[in-house]
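J.: Below are the structure tokens for one structure; questions will follow.
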Amino acid sequence: MKAVAARIAPVVMFVTGAHAADTAVTHYTLDPAKSTLEYQFVQAGAQNKGKFTRYPVTLDFSPDNLATSKLDVVVDMSSLDTGDRERDDTLKSADLFAVSKFPQAHFTSMQITRTANGYDAVGKLTLRGVTHDIHVPFTFRTADEQGKPAGYLLGRTTIKRLDYGVGQGDWKSTDEVGNDVSVSYSLRLIPAAR
Amino acid sequence: MTLRNTPARWGAVSQFLHWLIVVLIIAQVILANIAEDLPIGMKKLAMYARHKSIGITILGLAVLRLLWRLANPTPPLPTTLKSHERVLANLTHAGLYILLFAQPLTGWMMSSARGFPVSWFGFLQLPDLVPKNDALYNAMKETHDTLALALYAIVFLHVAAALKHHFMLKDDVLRRMLPFTRKP
């Protein structure tokens, strides 16, 4: 009898449109103070690092309802910081990120699937006015921190700067500045009311 | 010519290290002066990348050269030198050795303090010698630039002395560092 009920319940819920509360996605926003969005690139043969300091994130997520889960990240490109003023100004200039013309980069997921190690958000990244599909693999865990819930989203992906035109003129060369840029994210997310 | 030094003559290893370092230092001066005047861009990056890689190469060669010198007899200065000339010669040579170490090291520290890690021709990323620090970067840049001027001055003395020995005093001081000369 129980087994039959379990089989029928989803059908009933589907028909009545009454999704059970535990499959509703949680709406999260970023805790910027405890999050990092960093990138690594090869410059003159050596690994160099930088980060962004402003990148609002919204995540609608439930492991049990990936179909309506969604990750959305807007990166304020003027917040790029490689620890060197001269290099940052160069990166913001027209031949690289062209920040005055393209002040934001935007990632929005189209589909989130489960993988062996966690999840994979496939979506569209728009950078310097060019859009490509990318994979954003991540792990996600929730934590109860003195009664306050939080979510942690961690992962790393690689994008090719030249796919987005980041590098015009001489900067198209990959001899001294590599094409691959590794982007790593460690985000603390806080559930919020919609 | 023997590999090792003899009391009369620099051996092949010493000569090779000496002249290789001469060529590399000339390349360094050219690269640094071109790079300095270039606008920020890929060419400037490339020039400085070579400059750093060659600098690290010189540092490695300087270590080998010092070890080789310690493990070999040093052809003595000519006995005709007056005592103040002897002091000047020794100071010049010591200065050159010090600069072979100091110039690459201050350059390396300059890069580390600026937050730009140094790579040896893209094959090997070197550790940062000092943490990123703007004041330290400025101090190291100042030192590196000043030592370059000191190097020019000491090299001028060194070359002038070698030519004086060869053409005016007509002794074998220059010849004993040259690979293809007949014995006098």
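J.: Taking the residues in segment A:173-191 that are free of Cβ contacts under 8 Å to residues at least 40 places away in the same chain and of a type in the set (Ser, Thr, Tyr) as candidates, determine which candidate is farthest from the other protein chains (Cβ to nearest Cβ).
T.: To start, the set of residues in segment A:173-191 that are free of Cβ contacts under 8 Å to residues at least 40 places away in the same chain comprises A:173-175, A:179.
If we keep only those that are of a type in the set (Ser, Thr, Tyr) too, we end up with A:173-174.
On the way: A:SER173: 5, A:THR174: 10 Å.
Across segment A:173-191, the extreme among qualifying residues is A:THR174.
J.: Just the residues that are under 11 Å from the mean Cα position of the chain (by Cα) and surrounded by fewer than 18 Cβ atoms within 10 Å (Cβ to Cβ), please, taken from segment B:1-20.
T.: B:HIS18, B:TRP19, B:LEU20
J.: What residue, of A:GLY50, A:GLY45, A:GLY83, is within 14 Å of another protein chain (Cβ to nearest Cβ), buried (at least 18 other Cβ atoms within 10 Å of the Cβ) and at pLDDT below 95?
T.: A:GLY45
J.: Cβ-Cβ distance below 8 Å, separation of 6 or more or different chains: which pairs start in segment A:29-53 with a residue that is under 18 Å from A:MET77 (Cα atoms) and in contact (Cβ under 8 Å) with a residue 24 or more places away in the chain and end on one that is of a type in the set (Ser, Thr, Tyr) and in a helix (DSSP H, G or I)?
T.: Here the result reads A:PHE52/A:SER79; A:THR53/A:SER79, each pair linking segment A:29-53 to a residue that is of a type in the set (Ser, Thr, Tyr) and in a helix (DSSP H, G or I).
J.: Applying the selection to segment A:136-183, what residues are among the small types (Gly, Ala, Ser), in a strand (DSSP E or B) and farther than 20 Å from A:TYR119 by Cα?
T.: Taking segment A:136-183 first, the residues among the small types (Gly, Ala, Ser) are A:143, A:147, A:150-151, A:155, A:165, A:167, A:169, A:173, A:178, A:182.
Then drop every residue that is not in a strand (DSSP E or B), which leaves A:143, A:150-151, A:155, A:178, A:182.
The one that is among the small types (Gly, Ala, Ser), in a strand (DSSP E or B) and farther than 20 Å from A:TYR119 by Cα: A:GLY178.
J.: For segment B:51-66, state whether one or more residues are without any contact (Cβ under 8 Å) to a residue 60 or more places away in the chain, within 11 Å of chain A (Cβ to nearest Cβ) and under 30 Å from A:GLY83 (Cα atoms).
T.: Looking through segment B:51-66, at least one residue is without any contact (Cβ under 8 Å) to a residue 60 or more places away in the chain, within 11 Å of chain A (Cβ to nearest Cβ) and under 30 Å from A:GLY83 (Cα atoms).
J.: Any idea which of (1) under 20 Å from A:ARG128 (Cα atoms); (2) surrounded by 15 or more Cβ atoms within 10 Å (Cβ to Cβ); (3) within 14 Å of chain B (Cβ to nearest Cβ) is the one A:VAL73 doesn't satisfy?
T.: (3)
J.: OK, next. Consider only pairs whose beta carbons are under 7 Å apart and that are at least six residues apart or on different chains; among these, list those whose first residue lies in segment B:105-120 and is among the aliphatic types (A, V, I, L, M) and whose second residue is surrounded by fewer than 24 Cβ atoms within 10 Å (Cβ to Cβ) and assigned to a strand (DSSP E or B).
T.: Listed pairs, sorted by first residue: B:VAL118/A:ALA46.
J.: Where residues in segment A:150-172 are of a type in the set (A, V, I, L, M), within 19 Å of A:LYS124 (Cβ to Cβ) and away from chain B (no Cβ under 14 Å), which of them is surrounded by the fewest Cβ atoms within 10 Å (Cβ to Cβ)? Before the answer, list the steps.
T.: Applying the first criterion (of a type in the set (A, V, I, L, M)) to segment A:150-172 yields A:150, A:153-154, A:159, A:162, A:166.
Next, only the ones that are within 19 Å of A:LYS124 (Cβ to Cβ) stay: A:153, A:159, A:162, A:166.
Retained after the next criterion (residues that are away from chain B (no Cβ under 14 Å)): A:153, A:159.
Working: A:LEU153: 24, A:ILE159: 20.
Across segment A:150-172, the extreme among qualifying residues is A:ILE159.
J.: Which one is nearest to the other protein chains (Cβ to nearest Cβ), of the residues in segment B:106-145 that are in contact with a Phe, Trp or Tyr (Cβ under 8 Å, 6 or more places away or on another chain) and assigned to a loop (DSSP other than H, G, I, E, B)? First the steps, then the outcome.
T.: Here is the first cut: in segment B:106-145, the residues in contact with a Phe, Trp or Tyr (Cβ under 8 Å, 6 or more places away or on another chain) are B:110, B:113-114, B:118, B:126, B:129.
Retained after the next criterion (residues that are assigned to a loop (DSSP other than H, G, I, E, B)): B:118, B:126, B:129.
Working: B:VAL118: 6, B:LEU126: 8, B:LEU129: 13 Å.
Among those residues, the one meeting the criterion is B:VAL118.
J.: While we're on this one: Please state which one of A:GLY118, A:GLY83, A:GLY129, A:GLY123 is among the small types (Gly, Ala, Ser) and closer than 18 Å to A:TYR39 by Cα.
T.: Selected residue: A:GLY83, the only one of A:GLY118, A:GLY83, A:GLY129, A:GLY123 that is among the small types (Gly, Ala, Ser) and closer than 18 Å to A:TYR39 by Cα.
J.: For A:SER78, indicate whether it is outside any loop (DSSP other than H, G, I, E, B), crowded, with 18+ Cβ neighbours inside 10 Å and modelled with pLDDT of 95 or more.
T.: Answer is no for this residue.
To keep it simple, each residue is scored yes or no on (1) outside any helix (DSSP H, G or I); (2) within 20 Å of A:TYR152 (Cα to Cα).
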position	(1), (2)
A:PRO63	yes, yes
A:ASP88	no, no
A:PHE102	yes, no
A:ILE112	yes, yes
A:VAL122	yes, yes
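The values are calculated or read from the model by the stated rules, or taken from the named source; none is laboratory data. None of the values given here were measured: they were computed from a predicted structure. Note: ideal-geometry Cβ built from the backbone for every residue, glycine included; neighbour counts use all protein chains shown.
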